[in-house]
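Report on the structure given below.
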Amino acid sequence: MLFNSLNFAIFLPIVFLLYWFVTNKSLKYQNLLLLVSSYFFYGCWDWRFLFLLIFSTLLDYYTGLKMQDAPNKKRKAFWLWLSISINIGFLGIFKYYNFFATSFAEAVANLGWHVDPWTLKVILPVGISFYTFHGLSYVIDIYKDRIKAERNFIEYSVFVSFFPLLVAGPIERATHLLPQIKKARTFDYTRAVDGLRQILWGLFKKVVIADQCAEFANAIFNNYADHSGSTLLLGALFFTFQIYGDFSGYSDIALGTARLFGIDLLRNFAFPYFSRDIAEFWRRWHISLSSWFKDYLYIPLGGSKGGTWMKVRNTFIIFLVSGFWHGANWTFIIWGLLNALFIMPSILFNTNRNNLDMVAQGRVFPSFREIISMMITFSLTVVAWIFFRADNVTQAFHYLSKIFSKSLFVAPDLINARDCLITVFLVLVFMFIEWMGREQQFALARFGFKWPRLLRLAFYLILTISVFILAGKQQQFIYFQF
Amino acid sequence: MKRFLTKTFLFILVSIASLCGLYFLGNSIVRKKADFKFDRSVTSVIIGHSHPECAFDDSIIPNFKNCSYSGESYFYGLPKMKNILSQNPQIKTVFIEFTDNHLEKKVMNDGIWGESHMLNFYPTYSPFIEAADAELLLQKSDRNFLLASSISIKEQFLKIFSSNYNFRKYGRYLYLERDKTDSLVAQQQRSLANKPKEIINNNIDSNYNIGYLTRIINLCAEKGIKTYLVRSPQHKAYRDQKNEAEFEAARLKLFPEIEFLDFNNYPCLNSEFGDLEHLNYRGARKFSTWVNNLINDGLLMAANKQEFINSRMPQ
């Protein structure tokens with residue numbers, strides 16, 4: 001069930017009404033309703049993978065309790081590693097087995113041996129990377145004595161499978177979400193309206209920006225050999241806005257939906273394309289994953305405590321793992337590697353925490369220096385996205401080399417120039433609103449609050465209508481594949 | 001909570017009302033300004049899908065306009081014909097492609113409410129589609145219909161803002177350059193080795209598209225316009241796969257009164273086909289020249305037209 005589908009438009013009000021009108025007297029029933037709805041939501045993709053989700057939930061619930069009750073540290077570590085091995089094992093089988101099998105076959109083929117790799121013909125269970133990471137953070141936090149194991153199975157299951165975050169995050173922490181699930185929730189008008197506003201903005205990002213950009217990005221990337229450098233550059237820019245609109249749009253809908261149920265999820269995006277360096281970009285892009293890697297990989301590896309060499313090594317490790325987390329393809333690994341290279345200057349010169357505030361805070365216009373920094377950072381991310389989007393590494397290099405050819409200076413060759421211009425216009429409007437609202441949790445949070453009420457309502461109406469009118473062919477959310 | 005629900009409900013209501021308003025406003029403006037007008041000299045037209053679109057080069061046949069369009073079913077052909085006939089009273093003859101794949105129920109029904117077809121054709125013709133026909137689309141695929149309706153609003157307003165009401169472009173002769181028939185024939189012969197002939201007449205009663213062909217024929221009859229069913233040339237390898245007896249039986253059952261001009265066996269070389277079902281520009285040029293000669297020699301005056309065609313069929 002996609003967030004931008006008719007099914008979800010029916011599902012959400014039903015669950016909302018049941019939640020606040022039927023089960024509102026008891027927290028237990030409210031949580032049970034959330035669990036059943038979440039399983040229904042997940043089962044709409046493929047009910048068979050529900051068993052995997054339930055198994056993963058049971059595993060972490062049980063190992064969590066065992067760790068809590070363990071008589072000594074050794075026993076505790078045993079249960080931790082059992083949970084980690086099984087979780088990573090499942091992820092490995094479903095997501096990475098075919099990649100390793102075919103890569104091994106290709107590698108030995110280079111040595112002159114022929115091996116027929118035995119590959120699995122299974123589809124990747126949607127959201128597996130996200131709920132596996134939920135579970136892992138839970139058991140690691142128990143091991144580190146940051147939290148106590150949850151004894152209520154329903155509450156723990158809601159933490160793992162709460163439907164707004166189940167298939168594409170944000171990757172929640174037990175320390176943040178579980179206390180909210182355990183606490184009685186009351187309806188808050190302001191929070192609910194804010195939630196609706198965030199859903200609307202998320203839908204606009206997904207349907208109007210991402211899906212429109214996707215049509216051109218797909219057409220250009222799929223036939224990159226036939227296009228000029230300028231068209232390929234345009235294709236890369238379209239993909240840059242597509243992936244931002246798609247994923248941050250999804251996160252906004254997830255956060256907004258959770259707010260309707262009185263739950264606050266972790267913020268996942270904070271206007272990353274306004275970053276002044278790559279370190280800032282990674283503090284603003286997919287925040288819940290970056291902070292997960294920081295807390296559960298970078299810091300346990302020694303973080304930045306062991307001097308420059310240690311910092312460089314650990315930075316490369318987390319970017320490579322992050323790339324690999326996105327998918328079993330060399331393109332993602334190179335994408336991670338590129339980002340590690342891009343962030344290196346600020347790591348080496350210790351400037352990675354220079355830009356902690358929002359650009360041009362309290363001002364409308366940025367300074368010349370800020371504009372140049374933002375443009376450089378944006379250009380670097382565009383280059384990295386080419387690897388992320390390409391089908392294989394060869395295509396990415398060809399694509400990139402063609403951009404930097406003479407044909408970069410000819411007019412772009414597009415079949416549907418009219419729709420292309422409309423999309424460019426929409427992206428500009430979108431970025432303007434994002435810029436104006438960049439100091440808020442999401443761009444629309446306070447946008448237009450000083451306008452007359454009727455004008456603001458008309459603005460929301462225009463956004464709503466544009467979501468319907470510009471809904472083209474429904475595109476899957478990109479991050480569902482991860 | 002009451003305040004939240006009331007305001008949300010009102011906002012949704014206003015949004016839906018605005019969308020409906022925009023839908024009807026856009027459609028009504030485009031309906032009034034739609035331009036289907038051809039040159040006064042055009043007295044005969046052909047409609048259908050990609051087969052006639054690639055076969056009839058209307059620059060070779062005088063006073064003739066090819067109005068076919070790839071993938072267009074009779075469902076979308078009906079509103080188009082209504083407009084063409086009402087804006088071009090000089091038209092006296094309508095040729096309608098009727099070929100083997102029109103009897104393939106699934107393909108044809110998909111051509112009406114399948115995702116890609118509905119999203120392509122509904123936004124184009126929505127200003128002219130009657131409520132009952134739109135209801136059929138809603139019944140058969142509510143999701144696609146809602147999507148197509150939303151795209152339709154965008155399309156109509158783009159026409160309005162650009163003042164471009166030209167609907168003649170949704171019908172044309174398609175100059176097909178490709179020439180892949182040799183490889184296609186070889187591939188098909190391999191795959192057909194042990195395959196039985198295709199059953200093409202699968203439950204014609206539930207083939208909605210045929211119902212719309214009947215309505216097009218009736219529309220022409222009401223206006224006193226002569227109608228012919230036409231089958232464009234197809235490659236022999238394609239013809240061999242189809243069950244000719246079933247096609248003939250279905251045609252006679254459905255349209256016994258309508259004259260059928262069958263060009264299916266018109267001989268073309270592999271290099272004159274774009275693929276097994278479509279002539280390329282070389283084939284179209286040769287075929288259209290031959291059809292033009294047939295018309296000049298009195299094809300439409302002949303008592304037995306098929307005999308007339310067969311007697312002049314090149315060997």
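The values are calculated or read from the model by the stated rules, or taken from the named source; none is laboratory data. Model, not experiment: these values are computed from the prediction. Every residue, glycine as well, gets a Cβ built from its backbone with ideal geometry; the counts of neighbours run over all protein chains shown.
Run B:LYS33 past the list (1) more than 14 Å from every other protein chain (Cβ to nearest Cβ); (2) under 27 Å from B:ASN109 (Cα atoms) and report the number of the one that doesn't hold.
Against the list (1) more than 14 Å from every other protein chain (Cβ to nearest Cβ); (2) under 27 Å from B:ASN109 (Cα atoms), B:LYS33 comes up short only on (2).
Does the stretch A:233-245 contain at least one residue that is part of a loop (DSSP other than H, G, I, E, B) and not assigned by TED's automatic domain parsing to the domain that holds A:SER26? Write out each step before concluding.
Keep residues of the stretch A:233-245 that are part of a loop (DSSP other than H, G, I, E, B), which gives none.
Within the stretch A:233-245 (the criterion being part of a loop (DSSP other than H, G, I, E, B) and not assigned by TED's automatic domain parsing to the domain that holds A:SER26), the answer is no, since none of the residues qualifies.
Of everything in the stretch A:56-102 that's among the hydroxyl-bearing types (Ser, Thr, Tyr) and loosely packed, with under 15 Cβ neighbours inside 10 Å, which residue is farthest from A:ILE128 (Cα to Cα)? Please lay out each step first, then the result.
Narrowing the stretch A:56-102 to residues among the hydroxyl-bearing types (Ser, Thr, Tyr): A:56-57, A:61-63, A:83, A:85, A:96-97, A:102.
Still in the running and loosely packed, with under 15 Cβ neighbours inside 10 Å: A:85, A:102.
Working: A:SER85: 15, A:THR102: 22 Å.
Selected residue: A:THR102.
Take the stretch B:138-157 and flag every residue that is aromatic (Phe, Trp, Tyr) and either over 22 Å from the mean Cα position of the chain (by Cα) or under 12 Å from A:LEU470 (Cβ atoms) (or both). Don't jump to the end; show me each part of the working.
Pass one, the stretch B:138-157, residues aromatic (Phe, Trp, Tyr): B:145, B:157.
Across the stretch B:138-157, the qualifying residue is only B:PHE157.
Quickly run through the stretch A:25-39 and pick out the residues that are of a type outside the set (Val, Ile, Thr) and without any contact (Cβ under 8 Å) to a residue 12 or more places away in the chain.
Going residue by residue through the stretch A:25-39, those that are of a type outside the set (Val, Ile, Thr) are A:25-35, A:37-39.
A:LYS25, A:SER26, A:TYR29, listed by residue number.
Given the residues A:TRP292, A:TRP325, which is the only one that is modelled with pLDDT of 90 or more, touching a helix residue (DSSP H, G or I) at 6+ places or on another chain (Cβ under 9 Å), hydrophobic (A, V, I, L, M, F, W, C) and within 21 Å of A:TYR131 (Cβ to Cβ)? First the steps, then the outcome.
Working: A:TRP325 fails: modelled with pLDDT of 90 or more.
Exactly one residue qualifies, and that residue is A:TRP292.
Looking only at residues that are of a type in the set (A, V, I, L, M, F, W, C) and either assigned by TED's automatic domain parsing to the domain that holds A:THR102 or modelled with pLDDT of 90 or more (or both) in the stretch A:302-322, which one is nearest to A:ASP145 (Cα to Cα)?
So in the stretch A:302-322, the residues of a type in the set (A, V, I, L, M, F, W, C) come out as A:309-310, A:312, A:316-321.
Then drop every residue that is not either assigned by TED's automatic domain parsing to the domain that holds A:THR102 or modelled with pLDDT of 90 or more (or both), which leaves A:312, A:316-321.
On the way: A:VAL312: 29, A:PHE316: 28, A:ILE317: 26, A:ILE318: 24, A:PHE319: 27, A:LEU320: 28, A:VAL321: 25 Å.
Step by step, filter the stretch A:302-322, then rank; the result is A:ILE318.
B:SER28 - would you say it is under 30 Å from B:ILE225 (Cα atoms), over 20 Å from the mean Cα position of the chain (by Cα), of a type outside the set (Lys, Arg) and assigned to a loop (DSSP other than H, G, I, E, B)?
Working: under 30 Å from B:ILE225 (Cα atoms): yes; over 20 Å from the mean Cα position of the chain (by Cα): yes; of a type outside the set (Lys, Arg): yes; assigned to a loop (DSSP other than H, G, I, E, B): no.
When the stated conditions are applied, B:SER28 does not pass them.
Look at B:GLU222 and say whether it is at pLDDT 90 or above and acidic (Asp, Glu).
Values: at pLDDT 90 or above: yes; acidic (Asp, Glu): yes.
In short, yes.
One line per residue, one yes/no per condition, for (1) within 11 Å of chain B (Cβ to nearest Cβ); (2) in contact with a strand residue (DSSP E or B) (Cβ under 8 Å, 6 or more places away or on another chain); (3) not in a helix (DSSP H, G or I):
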site	(1), (2), (3)
A:THR175	no, no, no
A:ALA184	no, no, yes
A:THR190	yes, no, no
A:GLY195	yes, no, no
A:LEU200	yes, no, no
A:PHE204	no, no, no
A:ILE209	no, no, no
A:GLN212	yes, no, no
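Filter the stretch A:344-374 down to residues that are assigned to a helix (DSSP H, G or I) and closer than 22 Å to A:ARG438 by Cβ and give me whichever is nearest to the chain's Cα centre (by Cα). So that I can check it myself, show each step before the final result.
Filtering the stretch A:344-374 for residues assigned to a helix (DSSP H, G or I) gives A:344-348, A:368-374.
Checking the rest, the ones that are also closer than 22 Å to A:ARG438 by Cβ come to A:346, A:368-374.
Details: A:SER346: 24, A:PHE368: 31, A:ARG369: 30, A:GLU370: 26, A:ILE371: 26, A:ILE372: 27, A:SER373: 24, A:MET374: 22 Å.
Residue satisfying both the conditions and the ranking: A:MET374.
Just name the residue that is farthest from the chain's Cα centre (by Cα) out of those in the stretch A:38-49 that are of a type in the set (A, V, I, L, M, F, W, C) and closer than 17 Å to A:SER129 by Cβ.
In the first step, residues of the stretch A:38-49 are kept if they are of a type in the set (A, V, I, L, M, F, W, C); the result is A:40-41, A:44-45, A:47, A:49.
From the residues that got through so far, the ones that are closer than 17 Å to A:SER129 by Cβ too are A:45, A:49.
Details: A:TRP45: 19, A:PHE49: 21 Å.
Ranking the candidates gives A:PHE49 first.
Is the stretch B:116-134 home to any residue that is within 14 Å of chain A (Cβ to nearest Cβ), surrounded by fewer than 21 Cβ atoms within 10 Å (Cβ to Cβ) and among the acidic types (Asp, Glu)?
No, the stretch B:116-134 has no match at all.
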